[in-house]
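Comments concern the structure below.
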Amino acid sequence: MDKEVSGEEIIVVGNVFKTFPGGVCALSDFSIKVRRKEVLVVIGPSGSGKSTFLRCLNGLEEVDKGSITIDGIPLDDDKQNRLEIRKEVGMVFQSFNLFPHLTVLENLNLAQILVRKKSRKEAMEFSMALLNKVGIPEKANIFPNHLSGGQQQRVAIARALAMMPKVMLFDEATSALDPEMTGEVLAVMKQLAREGMTMVVVTHEMGFAREVSERMVFMESGRVIEEGPTEQFFTNPKEERTRLFLSQVL
Amino acid sequence: MKASSIKVGRYSKRSPIIDVAAFLLVMAGLTWITGTGTSKLGYNWQWYRVPQYLFTYEGGRWLAGPLIDGLMVTFEITGASLILAFSFGMISALCRLSDSYLARMIARGYLELIRNTPLLVQLFFIYFVMAPIFDLSRFASAVLALSLFEGAYASEIFRAGIVSIHKGQWEAAHSLGLSTFDTYRRIILPQAIRRILPPLTSQAISLVKDSALVSTIAVYDLTMRGREIISETFLAFEIWFTIAAIYLVVTVSLSIVVSRMERRFGESG
């Protein structure tokens, strides 16, 4: 990667614990830091707490204990802080979650107008620029149900970008897609990474992880088992458990 | 997509003649039952006396008879109650789904109280107990009782509609920084309304029919007018059948309008 990852930490997660009702422990003494412009890929077996970790970062899940700070703003009980973080952290979901009653363009405009208080015209221009960026400007006035999965996910990425977030979270963004569509979505994500977007990505796409990320995290049972620079993580993992997992997925 | 196209295919293959024949058979059966029933009753039918209670023709102008006057009052009561009932329903549904314990309990109390007591008792309670305190007119008492009653049922319909929206929609709105209010207004309710339109129609139809109860507190609606005419003329069967037919026309028209609306909503989405 030809970009500079500055030393400044934008996401700081300290000793977070999260247990779901029913006693399933999703995060246990979980700590991690992400620097500005860094791409962090989180891998691990299912049920290891990867998604929960992402969902805690923008307040979709409440943590039981521990602290999360995004760009200097603590994710605490203060409503204003939580709202600020929601604005600054974009999220892309496995199941796209586009708004089916709105056209593609309206999906992109909505938060710009309601949250960023942009004029309709400004929003429209930015939305079209984003649709160009994800390669489907011709779908602007179509309802999401008429798009392929890959197109829907690209719209979802554009919708998140419309808020001009400082951080983007990807929760298994390509898991619901067939290989061809996976490629078109990964291409958009790679482009974002090149442009210096701070990204936390949960994925099973090891090729993508290896190519795009600066750092890898391997999780199991709500804990960080291993973390390290991507190349070293793949070529020479320290932990036996990581080695075993990688041998199964590569 | 696939399932619905198979279904359409299967239905379109059946000849409409069979449906029409079946309908005619049923209607013939019903007519026969009614005919034999009333002839055994030895009732003297005087249908020719009925039209004057619908319309009269005087001095070159058509004038509405008492039944049509009553129907207008029924429309007024139903219309006002419908708007209020949906407001009560929406508010209490949102209360039940809110994070506030107090709001949830109040909404729950309202629902249980209304749904577990008869409408007639509620109507009498409001008219005889509350109306003197708050100086409510008969009309206002009627509207309040009906809308509180139907609102409780509408509330459960709204709640079911809101809950049926996939939680991913909430999460997407949340991650875009939308407020709860905006999420409801722009994301959840527009989708929920489409789904709850059919049950809400049934509720509106119930309201039209339930409005007949207001005749018990002497509001001059369709039913009250009918009772009045019957007590003067003893045309019990003719007038009751006419009233039933009028209610039927109103409710069926309502269903048709709503199914048109549904089809239009269905196109986008």
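How about the range A:195-219: which of its residues are of a type outside the set (A, V, I, L, M) and surrounded by fewer than 19 Cβ atoms within 10 Å (Cβ to Cβ)? Break it down stepwise before answering.
Taking the range A:195-219 as the starting set, the residues that turn out to be of a type outside the set (A, V, I, L, M) are A:195-196, A:198, A:203-205, A:207-208, A:210-211, A:213-215, A:218.
A:GLU195, A:GLY196, A:HIS204, A:GLY207, A:ARG210, A:GLU211, listed by residue number.
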Checklist entry - For the range A:149-165, does any single residue satisfy the condition of being in contact (Cβ under 8 Å) with a residue 60 or more places away in the chain, within 15 Å of the chain's Cα centre (by Cα) and part of a loop (DSSP other than H, G, I, E, B)? => result yes
Checklist entry - Any idea how many residues of the range A:158-167 are on the phi < 0 side of the Ramachandran plot, surrounded by fewer than 23 Cβ atoms within 10 Å (Cβ to Cβ) and among the hydrophobic types (A, V, I, L, M, F, W, C)? => result 3
Item to check | Filtered residues of the range B:18-73 (kept if surrounded by 13 or more Cβ atoms within 10 Å (Cβ to Cβ), in contact with a helix residue (DSSP H, G or I) (Cβ under 6 Å, 6 or more places away or on another chain) and of a type outside the set (Gly, Ala, Ser)) | outcome: B:VAL50, B:TYR53, B:LEU54, B:PRO66, B:LEU67, B:LEU71
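Of all residues in the range B:146-170 being in a helix (DSSP H, G or I) and of a type in the set (Ser, Thr, Tyr), which is farthest from the other protein chains (Cβ to nearest Cβ)? First the steps, then the outcome.
Of all residues in the range B:146-170, those in a helix (DSSP H, G or I) come to B:146-163, B:167-170.
Subsequent filtering for residues that are of a type in the set (Ser, Thr, Tyr) retains B:147, B:153, B:155.
Values: B:SER147: 28, B:TYR153: 25, B:SER155: 23 Å.
Per the stated criteria, the residue is B:SER147.
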Checklist outcome for this item: Taking the range B:176-189 and the residues there that are of a type in the set (A, V, I, L, M) and more than 9 Å from every other protein chain (Cβ to nearest Cβ), the one that is surrounded by the most Cβ atoms within 10 Å (Cβ to Cβ) would be B:ILE188
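When you check A:ILE70 against the structure, is it within 14 Å of chain B (Cβ to nearest Cβ) and either surrounded by 18 or more Cβ atoms within 10 Å (Cβ to Cβ) or within 17 Å of the chain's Cα centre (by Cα) (or both), yes or no? Spell out how you get there, then give the answer.
Working: within 14 Å of chain B (Cβ to nearest Cβ): yes; either surrounded by 18 or more Cβ atoms within 10 Å (Cβ to Cβ) or within 17 Å of the chain's Cα centre (by Cα) (or both): yes.
Taking the combined requirement at face value, the residue satisfies it.
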Item to check | Selected residue (only one of B:ALA131, B:ALA173, B:ALA192 is within 14 Å of chain A (Cβ to nearest Cβ), in a helix (DSSP H, G or I), at pLDDT below 95 and more than 19 Å from the chain's Cα centre (by Cα)) | outcome: B:ALA192
Checklist entry - If you scan the range A:178-194, which residues turn out to be closer than 24 Å to A:LEU57 by Cβ and either surrounded by 15 or more Cβ atoms within 10 Å (Cβ to Cβ) or without any contact (Cβ under 8 Å) to a residue 60 or more places away in the chain (or both)? => result A:THR182, A:VAL185, A:LEU186, A:VAL188, A:MET189, A:LYS190, A:GLN191, A:LEU192, A:ALA193
Next on the checklist: Given the condition touching a residue at least 12 places away in the same chain (Cβ under 8 Å) and of a type in the set (Gly, Ala, Ser), answer yes or no: does some residue in the range A:110-118 qualify?
Outcome noted: yes
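Tell me yes or no: at least one residue of the range A:200-223 is assigned to a helix (DSSP H, G or I), within 14 Å of chain B (Cβ to nearest Cβ) and within 25 Å of A:VAL39 (Cα to Cα). Talk me through it step by step, then tell me what you get.
Of the residues in the range A:200-223, the ones assigned to a helix (DSSP H, G or I) are A:206-212.
Next cut, within 14 Å of chain B (Cβ to nearest Cβ) only: none.
Scanning the range A:200-223 turns up no residue that is assigned to a helix (DSSP H, G or I), within 14 Å of chain B (Cβ to nearest Cβ) and within 25 Å of A:VAL39 (Cα to Cα).
The values are calculated or read from the model by the stated rules, or taken from the named source; none is laboratory data. Given the structure is predicted, the values throughout are model-derived calculations rather than measurements. Virtual Cβ from ideal backbone geometry, glycine too; neighbours counted across all protein chains shown.
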